[in-house]
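Here the structure is laid out as structure tokens; the discussion comes afterwards.
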Amino acid sequence: MYEPRIIAFLCSWCSYTGADTAGIARMKSPANIRAVRVPCSGRVSPELVIRAFDQGADGVLVLGCHIGECHYDTGNHRAAKRLPILRSLMTFVGLEPERLRLDWVSASEGERFSKIAEEFTSSVRALGPVRWRVDPGERQAVSQKLAAAREAISYPETNCVAKTDAIRQKARDLLASEQVSCVIGYEVSQRGRTRPVFVYTPEETGQLVWNPDCTNNLTTYLPAKLRPVKGKETPKPVAVVVKPCDSKAINVMLAENLYRRDQVYVLGVACEGIRGPDGNLQTRCVTCQEAVPIIYDTLISGTTSSFIPRISSNSREELAELEGATPVERLEFWLSQFDRCIRCYACRQACPMCNCPECLYERDDSTFIGLGIGLNEKRTFHLGRAYHLAGRCVGCNECERACPMNIPIGLLNQKLADEIEAAFDYRAGLTVTPSPIVTVLSGEYKEG
Amino acid sequence: MSKPAAERKRWLISQVELEAWLDGIANARKLIAPRQVSDIMLYRPVTKSVEIAWREQMPVSTHTNRPVLSVKEIFFPPTERLFTIQKTGQEIHLEETFPDWETVVFGVRPCDARGVKLLDALFLDTNPVDSFYARRRGNTTLIGLACKEMGSTCFCTSVGGAPDDAHDMDIMLYEADGGYLVEAVTEKGRFIIPGGEWKETSTKPQQSTYSGQFPVPEKGKWPEHFNDEYWMKISERCLSCRACAYVCPTCRCFALRDEMLAPGEFERIRCWDACAGENYRRVAGGHKPRAEKGERLRNRFYCKFYYYPEQYGLGAASACTGCGRCIEVCPAGVDITEVLMNLEKPA
């Protein structure tokens, strides 16, 4: 019989004392459990749980005070909000959901502690050893079935001249009247590649263009551009060209107080969809529901209004297929994907929502991740990043586009966006409200 | 040492003979070749020649000309364990973990082989010799495959290379009528050629099509442009990711750290690092000598065309092989050829 290793995070006030009560009453509880005493179940951050599995735990048990009895008021509400979301993410990448359990045990409930510990241990024991941790050098077979081909939608001919002219005109006016100090837009390089450009004078505005290859989410550059620097004058307002998907990122940034609304002038462009490198419509555009930016100061609608009929469902085909797969297939699929990662952080750097001054996964003293470019570290990084984007990701899918190794990172974000919508009836970026799960952790928790 | 072109022996073989040869190699040694992984091409171990991705078989997307990562990862892997540390009581025991198998890499692009040669200058030719790199290098035979033409981002001819340059290979293959022309470049290469069974020939390989050559500024021109406004301007779009450095055949910065495996058991690992990253070269106290991303991006170009050639005596050669990978992967469109063409233009 396999004896699993189980890490239990026990709230110091209720559950740890509950475990003591069980001991004093001479109740039996399995020896598989290694208890870690934490001040509150709200202290158990998702990174800790990911790390525990990463280091070879077969199961993680989180116990806290009953809802309404938290010694810090709402700490257990935190746990109740984030651990189920984390579980769905980890299940999505191939962990059996039974391996992560959150429950409540009060100080007097010794019997309950012993029952939960027994139940959890036997369910994890039945699952056998965890397949999560990968030994360095070991490679998993790729499940061909899941390498789903994307249906190609060819990109229609559109007239971009009118939009280009309108962008240039507006940029010229804004710079000439000194309303803004800089316009962030798109230009075409000598090589013919469309890329971001920063325009500072009315004379340079001729560089600006609009075309079906304007893929970059330019709002990524805003926080650094508008961040006040000690000893320097307040940064002047900046104008930015945005597509509908990009515009949602501005809403999230405003909700997180990264800059003020009056610091950005939004040049919103009505979008017909963006081309991928194969010349077809990009994946994100296939499921996009917005033709016009959510937030703008000037709308550049051009002369055409050819909105491509989109697929109505929110989910990508691959998402549905993955959800229908077994945990083993999902694990195989994701390991083969993460295996290609080189930790270049292009995904994170291209992401408008990844704007921490220093990434938790890049700190020299980080205890949540190793330095190596091995499978465990790569998966930890991607799961942690996906979780940090829960309820914040606006689905611009720049991470996936920026990835030199073509890893479908966007699927993780999309999965969590769907989960958050189901649990909190919230989609990021539609209004200036912070994420119900990462940014705002306190507040009422409704059971059920 | 590579033999001069006139002294090299050549054979003409068919696709079937080539595959049989590679199958034989895969049986006896570790064979690494371009493989299709998901929808990109990478150098990966193969057990049979049918697993090899030939250029024509790759799906039409951005990454078609060459594997996304260069052969650098075979000699200087993203992460490697240097040794393990075991602590029992007061005693500390170190155990080195040397890589020790014979490897043959097939389908090496000339730009990649040149990249390895350039890395030798640091890892092999300068003391102290890097024993891990040296082991791998000594145990590895490079079988090149000439590119018939240059890709859209390639510029090897501008930095002293060529799509059919056999210099830094052990064996070179050229596509020819009815199969491949095999050329033994070094003695090491000759060793794995089953010469007797093959038809020897005196035909010279057909030259590949060269394209897009442009003048690259000489090494001496770089210092005077160090303080140009240009660097801050072009770096504005840079996202400070490390994609350019990690796909580069000659970027070789690394970080070292001891990590715990189990109580009392540690490993020292070495893994890739890159100057574009925000924390690169941060020192105790938090000071970063290159805090601005313009300074970091400038460093990348200076390292390729000035610092590295200067430090390791490359003469007029630069540390760039013109593979064009950084142009292809940059999510923000930073373009090294544009920098080279614009360096001497007045601002």
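Read-outs: derived from the displayed coordinates by stated rules, not from any lab. The structure presented is a predicted model; accordingly, all values stated were derived computationally and were not measured. Glycine also receives a Cβ, built like all others from the backbone with ideal geometry; neighbour counts cover every protein chain displayed.
For residue B:101, neighbours were defined as the other residues whose beta-carbon sits under 11 Å from its Cβ, and their charges (Lys and Arg +1, Asp and Glu -1) total +2. Taking other Cβ atoms within 10 Å as a rough exposure proxy, A:381, B:132 sort from fewest to most as B:132, A:381.
Once the Cβ-Cβ distance of residue A:234 and residue B:209 is raised to the sixth power relative to R0 = 60 Å, the FRET efficiency obtained is 0.60. When the Cα positions of A:190, A:334, A:292 are compared along the charge dipole of chain A, A:190 comes out farthest toward the positive end, with charges on each C-beta of Lys, Arg, Asp and Glu. Exposure proxy ranking for A:113, A:92, A:368, based on other Cβ atoms within 10 angstrom of each Cβ and starting from the fewest, stands as A:368, A:92, A:113. The charge dipole of the protein assembly as shown, taken about its Cα centre with unit charges on the Cβ of Lys, Arg, Asp and Glu (plus for the first two, minus for the last two), comes to roughly 820 debye. Built from the Cα atoms of region B:168-268, the convex hull projects on average onto 15.1 nm², one quarter of its surface area. Over all Cα atoms in chain A, the spread is summed up by Rg and Dmax: 24.5, 83 Å. For residue A:256, no residue has an amide H sitting under 5 Å from its own, ignoring neighbours fewer than 5 places away on the same chain, with H placed 1.01 Å from N.
Karplus-based coupling profile of region A:346-359, in residue order and whole Hz: 4, 4, 5, 5, 7, 7, x, 7, 7, 10, 4, x, 9, 5, with θ = phi - 60° in 6.51 cos²θ - 1.76 cosθ + 1.60 and x standing for Gly or Pro. Under 23 Å between alpha carbons, and skipping anything fewer than 8 positions from residue A:81 in its own chain: which lysines qualify? Within reach: A:415, A:446. For residue B:188, the lysines whose Cα falls under 30 Å of its own Cα, not counting residues fewer than eight places away in the same chain, are B:3, B:9, B:30, B:48, B:72, B:117, B:148, B:199, B:204, B:304. Under 5 Å between amide hydrogens, built in the peptide plane, is the criterion, and for residue B:201 it picks out B:10, B:11, B:12 among residues at least 5 positions away or on other chains. With K and R counted +1 and D and E -1, the other residues having a Cβ less than 12 Å from that of residue B:327 yield a net charge of +1. Dimensions of chain B based on its C-alpha atoms, expressed as ranges along the principal axes with the largest first, amount to 66, 66, 38 Å. A simple spin-label model places the labels of residue A:261 and residue B:200 8.4 nm from each other, with each point 7 Å out along Cα-to-Cβ.
For region B:229-267, applying the loop criterion from DSSP together with a ceiling of 13 other beta carbons within 10 Å to the GluC sites (Glu not before Pro) yields B:229.
Out of every Cα pair in the protein assembly as shown, what percent are spaced more than 39 Å from each other? More than 39 Å apart: 44 percent of the Cα pairs in the protein assembly as shown.
Relative contact order for region B:215-347: 33 percent, from Cα pairs under 8 Å spaced at least 6 residues apart, divided by residue count.
Legend: ranking of residues A:290, A:377, A:178 from fewest to most surrounding C-beta atoms inside 10 Å; resulting order A:178, A:290, A:377.
Averaging the Cα positions of each part gives two centres, and for region B:192-221 and region B:238-304 these lie 35 Å apart.
How about region A:1-68: which trypsin sites (Lys or Arg not before Pro) there lie in a loop by DSSP and see at most 12 other Cβ atoms within 10 Å? Loop-located and lightly packed - A:26, A:28.
Axis angle, to the nearest 10 degrees, between helix A:244-255 and the longest C-alpha principal axis of chain A: 60 degrees. A simple charge model with +1 on the Cβ of Lys and Arg, -1 on the Cβ of Asp and Glu and nothing else charged puts the dipole of chain A at about 580 debye relative to its Cα centre. Under a model in which nothing but the beta-carbon of Lys, Arg (+1) and Asp, Glu (-1) is charged, chain B shows a dipole of about 420 debye around its Cα centre. For chain A, the longest principal axis of the alpha carbon atoms and the long axis of helix A:15-24 meet at an angle near 10°.
Only helical runs count toward this figure. For chain A, summing -39,500 (n - 2.57) over DSSP H runs of n ≥ 4 and dividing by all residues gives -10000 deg cm²/dmol at 222 nm. Proximity of backbone amide H atoms, modeled 1.01 Å from N, is registered between residue B:53 and B:35, B:36 at under 5 Å, excluding neighbours fewer than 5 places apart on the same chain. Using C-alpha pairs below 8 Å separated by at least 6 residues, the relative contact order for region A:216-263 is 44 percent. With R₀ set to 45 Å, the beta-carbon distance separating residue B:86 from residue B:39 gives a calculated FRET efficiency near 0.55. For residue B:296, neighbours were defined as the other residues whose beta-carbon sits under 11 Å from its Cβ, and their charges (Lys and Arg +1, Asp and Glu -1) total +4.
Counting only lysines at least 8 places from residue A:170 when in the same chain, those with an alpha carbon closer than 24 Å to its own are A:225, A:236, A:243, A:248, B:233. With R₀ fixed at 22 Å, the C-beta to C-beta distance from residue B:7 to residue B:175 puts the FRET efficiency at about 0.45. If you line up the long axis of helix A:410-424 against the longest principal axis of chain A, both from Cα atoms, how many degrees apart are they, to the nearest 10? Around 70 degrees separate the two axes. Farthest toward the positive end of the dipole of the protein assembly as shown, out of B:303, A:389, A:89, is the Cα of B:303, where the dipole comes from beta carbon charges about the Cα centre.
Across the options A:19, A:49, A:8, the greatest Cα extent toward the positive end of the charge dipole of region A:6-56 (unit charges at beta carbon of Lys, Arg, Asp, Glu) belongs to A:19.
Here the peptides B:214-225, B:299-310 are ranked by packing, the mean other Cβ count within 10 Å, and the order with the highest first is B:299-310, B:214-225.
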